Amino acid sequence: MSGLLATIAAVVALTASPVTLPPTAGAADYQLGGAYEPAANVQIVTRDRSDAPAPGRYSICYVNSFQTQPGTLRWWRAKHPSLLLRDARGRLVRDPGWPDEVLLDISTPARRKALARVNRAWFDQCHRRGFQAVEPDNLDSWTRSKGLIRKRHAVAFARRLVRQAHASGTAIAQKNAPQLSRLGIGFDFAVAEECEVYRECGSYTRTYGSRLIEIEYTDNGRRAFTRACAKRSGRASILLRDRDVVPRGARHYVSRTC
């Protein structure tokens, strides 16, 4: 087989991966702060990869692909110390908004390949447990990397993650980073936080159409959620949540859809 035909065959095989997309404009719940029984009308549930999927719902597996998950730094130091991002003085580079999360070093092809292997294992686990999709978080980590990671590194790694997710049999979401939406990375749908607050939702809908799950948060007030519902109700999955996404019954719990 010629090189061109081999390339075409590989692309066809990849794009033919049997993944299932979330229901269009289905009522969604974002349960990263702890799993609980979804409301009867909820069709889409996102949970951390350490939790089980929600039975009978379209389940999205949250994976912190570009930074360490809180509480896992000891594991990364023991298993993959060279994949943690460090500055010129050897200090770990932390997310200033989440200082218990260390950025992962995606600045070289070798490190991206190694990190993709780690993620592939997680994606396989999500699929085996019954999740239909994965949501790799912190795609925009390069913006917090003190210049040590570039946008092109994030794009290259994201393309690897798309291939790994599809090979695992799961759909994959673009999480935030609206500036990457039109680059043809290969994501199947989008999960966007606060896109109405920052007037970014159009960046996602132009690429993904109605395949958008939008989360607005109560600490911004409720006007953004109201505007989002007026603009996109019935054409996107729109959800209002408390910032800490705590389980139902906890103090400050809020979960509303439109």
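The values are calculated or read from the model by the stated rules, or taken from the named source; none is laboratory data. Note that the coordinates shown come from a computational prediction; the quantities given were computed from them, not determined experimentally. Using ideal geometry, Cβ is built from the backbone for each residue, glycine included, and neighbour counts are taken over all protein chains shown. These area figures cover heavy atoms from the full protein model, side chains too; ligands, DNA and RNA do not enter into them. Shrake-Rupley method; radii C 1.70, N 1.55, O 1.52, S 1.80 Å.
Can you compute the modelled spin-label distance between residue 151 and residue 91, with each label point 7 Å from Cα toward Cβ, in nm?
2.8 nm
How large is the helix-only mean residue ellipticity at 222 nm for the chain, computed as the sum of -39500 (n - 2.57) over DSSP H runs with n ≥ 4, divided by its residue count, in deg cm²/dmol to the nearest 500?
Helix contribution divided over all residues of the chain: -9500 deg cm²/dmol.
In Å and from the alpha-carbon atoms only, list the Rg and Dmax of segment 95-153.
13.2, 38
Give me the percent relative contact order of segment 133-207, please, defined on Cα pairs under 8 angstrom at least 6 residues apart.
Relative contact order of segment 133-207: 31 percent.
Restricted to Cα positions, what overall size does segment 28-183 have along the principal axes? Three whole-Å values, descending.
Result, largest extent first: 52, 31, 27 Å.
How large, in percent, is the carbon and sulfur part of the accessible surface of the chain at a probe radius of 1.4 Å?
Carbon and sulfur together cover 51 percent of it.
What area, in nm² and to one decimal, does the C-alpha convex hull of segment 156-234 cast on average over all directions?
Convex hull of Cα atoms, orientation-averaged projection: 5.6 nm².
Over the chain, give the accessible area per residue in Å² for a 1.4 Å probe, as an integer.
Accessible area per residue: 47 Å².
By the scheme Lys and Arg +1, Asp and Glu -1, what is the net charge of all other residues having a beta-carbon under 9 Å from that of residue 212?
Taking every Cβ under 9 Å from that of residue 212, the sum is +2.
For the chain, calculate the relative contact order in percent as a whole number, restricting contacts to Cα pairs under 8 Å that are 6 or more residues apart.
Relative CO of the chain lands at 20 percent.
Report the equivalent ellipsoid semi-axes for segment 201-258 in whole Å, largest first, defined as the square roots of five times the eigenvalues of the gyration tensor built from alpha carbon atoms.
23, 11, 9
Please give the length that would be gained between residue 223 and residue 183 if that part of the chain were fully extended, namely 0.36 nm times their separation in residues minus their C-alpha to C-alpha distance (nm, one decimal).
Working: separation 40, 0.36 × 40 = 14.40 nm, distance 3.07 nm.
Difference between extended and current length: 11.3 nm.
Non-local amide H neighbours of residue 29 (under 5 Å, H modeled in plane, Pro and chain starts lacking H): which ones?
Counting only residues 5 or more places away or on other chains, the set is 44, 45, 46.
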